[in-house]
1. Which helices, taking whole DSSP H runs in the chain, have alpha carbons extending 20 angstrom or more along the helix axis plus mean Kyte-Doolittle at least 1.6?
2. Suppose R0 equals 25 Å; then what is the FRET efficiency for Ala152 and Leu99 from their Cβ-Cβ distance, rounded to the nearest 0.05?
3. Remind me, relative contact order of the chain in percent, using alpha carbon pairs under 8 angstrom and six or more residues apart?
4. Using a Gaussian network model of the chain whose springs link C-alpha atoms within less than 10 Å, name the residue from Ala171, Ala31, Ala73 with the highest mean-square fluctuation.
5. Among 20-30, 153-163, 189-199, how do they line up by average Cβ neighbours within 10 Å per residue, starting with the highest?
6. Using only the alpha-carbon atoms of segment 165-212, report the extent along each of the three principal axes, biggest first, to the nearest angstrom.
7. Using just the helices of the chain, give the 222 nm mean residue ellipticity in deg cm²/dmol: DSSP H runs with n ≥ 4 each add -39,500 (n - 2.57), and the total is spread over all residues, rounded to 500.
8. Students often get this wrong, so try it: which of (1) 0.94; (2) 1.12; (3) 1.09 is Rg/Rh (Cα atoms, Kirkwood Rh) as calculated from the structure shown?
Amino acid sequence: MDTHDLIKALGKDALAKAPAPATVLAGAGLAAILLAVALFAVLIGPRPDIAAAAETSRFLFKFVVTLALALSAAGLLAALARPDATRRTQALMLAVAPLLLTIAVAAEFVSVPREAWAARWIGTNIAVCLTYIPLIGIGPLGIFLAALRHGAPTSPALAGAVAGLLAGGIAATLYAAHCTDDSPFFVATWYSIAIAGLAILGALAGRAVLRW
């Protein structure tokens, strides 16, 4: 065996022993969820009237939106971790959560009197929302960025941004159980800003740590 063949054999052996990016990301997802749940339980916990709130459509709809974001971001992140993966379908799925929220906001404009719009938009928990979604999501974001280093993302900033969206979706899902502001006006504005902050942070971090 010449030197070239030896190098190729060693490379194949290393690849065979390395876990697949999808496996690493799945493990990272579980770790991220467990960390986020622990932070949520320690920092804020669910709202006191959660049982009664769970009987209302606005409260439940928050979870529809945040879970749609988390699931679609997870699919796209798995594709971005591999340079040879097809991403078009996963990228299109990322539009589901904003589309649902847009429809809900339009319905809120129709069903709620104009004089009540401002109160529902401002709510009572802006500072709490903008603090705890990033605080709960920052740890999961770090976990996802570490997991992406086991893959080969060709767009480090984009992969980092999607990792931020996934972390934000997880954090927002948990925070929704605490938040007493259930209006789509509030969710569309303040949840989105908090999640966008994680996406921007993820993009900046991804550009720095995911280059190869």
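Every read-out reported here was derived from the displayed coordinates using simple, explicitly stated rules and does not represent laboratory data. Keep in mind it's a predicted model, so treat the numbers as computed, not measured. Cβ: placed from backbone, ideal geometry, glycine included. Neighbour counts: every protein chain shown.
1. 21-43, 57-80, 96-111, 126-148, 192-209
2. It comes to 0.20.
3. It comes to 32 percent, rounded to a whole number.
4. Among Ala171, Ala31, Ala73, the largest mean-square fluctuation in the Gaussian network model of the chain belongs to Ala31.
5. For the peptides 20-30, 153-163, 189-199, the packing ranking is 153-163, 189-199, 20-30.
6. Cα extents, longest axis first: 43, 17, 9 Å.
7. So the helix-based figure for the chain works out to -24500 deg cm²/dmol.
8. Correct label is (3).
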